[in-house]
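Participant: This is the structure I have questions about; it appears just below.
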Amino acid sequence: MLKQTRMFAAIALVALTVSPVLASPKAAPKEAAKEAPMAIYPLAEAAGFKTLTAAVKAAGLQETLTVKGPFTVFAPTDEAFAKLPAGTVEGLLANPEKLKKVLLHHVVAGDVRAADVVKLKTAMSLNGTSLAIGTKDGVTVAGAKVTKTDIVASNGVVHVIDTVLIPGDL
């Protein structure tokens with residue numbers, strides 16, 4: 001009887017030790033997150049691009065930047081939006097068509113990594129405007145300095161820029 005009790009206790013101890021590891025719902029999502037990065041919109045949202053994600057939502061582009069692609073997004077920081085003249089962000093948010101033009105001016109079709117961006121002289125944005133690429137004293141896109149590169153998303157890549165790009169026709 002004592003032998004059976006010890007055997008049962010040993011099995012119970014192993015089961016209690018192993019089962020939380022095997023059954024843990026937290027273990028699988030972390031591993032899955034490493035394997036499959038988020039799409040561009042949720043990635044930007046999670047990274048704290050508050051003004052950009054609010055603008056994307058106001059323009060009705062969140063589904064596009066979540067489901068479609070691949071895209072390369074030159075993402076302005078909240079500080080970049082703060083540098084715009086007073087009332088600019090509010091004016092854009094009040095005019096979804098104009099806002100959409102500005103946002104698509106930041107997006108290029110395809111997954112263009114930093115190593116490829118530096119080989120380009122220009123890139124065509126999704127609103128049909130040409131973005132000049134400069135490589136003197138760092139990389140610039142239409143005059144905006146690229147401050148962080150190759151943030152990989154499931155539907156493309158994000159490069160962070162320090163200035164909001166406003167198309168010439170606005």
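Participant: So which residues in the range 64-78 are under 13 Å from the mean Cα position of the chain (by Cα) and more than 14 Å from Ala153 (Cα to Cα), if there are any at all?
Facilitator: Within the range 64-78, Pro76, Thr77 meet the criteria.
Participant: Hand me the list of helices (runs of 4 or more DSSP H) wholly inside the range 55-110 holding 3 or more residues that are under 23 Å from Ser130 (Cα atoms). Spell out the reasoning first.
Facilitator: Details: elements: 64-67, 78-82, 88-93, 96-104.
It comes to 88-93, 96-104.
Here's the yes/no breakdown for (1) over 15 Å from Leu43 (Cα atoms); (2) touching a His at 6+ places or on another chain (Cβ under 9 Å); (3) free of Cβ contacts under 8 Å to residues at least 24 places away in the same chain; (4) surrounded by 15 or more Cβ atoms within 10 Å (Cβ to Cβ):
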{"residue": "Lys68", "(1), (2), (3), (4)": "no, no, no, no"}
{"residue": "Phe74", "(1), (2), (3), (4)": "no, yes, no, yes"}
{"residue": "Phe81", "(1), (2), (3), (4)": "yes, no, no, yes"}
{"residue": "Ala94", "(1), (2), (3), (4)": "yes, no, yes, no"}
{"residue": "Glu97", "(1), (2), (3), (4)": "yes, no, yes, no"}
{"residue": "Val112", "(1), (2), (3), (4)": "yes, yes, no, yes"}
{"residue": "Gly134", "(1), (2), (3), (4)": "yes, no, yes, yes"}
{"residue": "Thr140", "(1), (2), (3), (4)": "yes, no, yes, yes"}
{"residue": "Val160", "(1), (2), (3), (4)": "no, no, no, yes"}
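Participant: Here's a follow-up. Taking Ala58 as meeting all but one of (1) within 22 Å of Val146 (Cα to Cα); (2) open to solvent by 20 Å² or more (accessible area, probe 1.4 Å), write down the number of the exception.
Facilitator: Answer for Ala58: the failing condition is (1).
The values are calculated or read from the model by the stated rules, or taken from the named source; none is laboratory data. This structure is a prediction, so every number in the text was calculated from the model and none was measured. Virtual Cβ from ideal backbone geometry, glycine too; neighbours counted across all protein chains shown. Side chains are part of the model used for accessible areas, which takes the heavy atoms of the whole protein and leaves out ligands, DNA and RNA. Shrake-Rupley method; radii C 1.70, N 1.55, O 1.52, S 1.80 Å.
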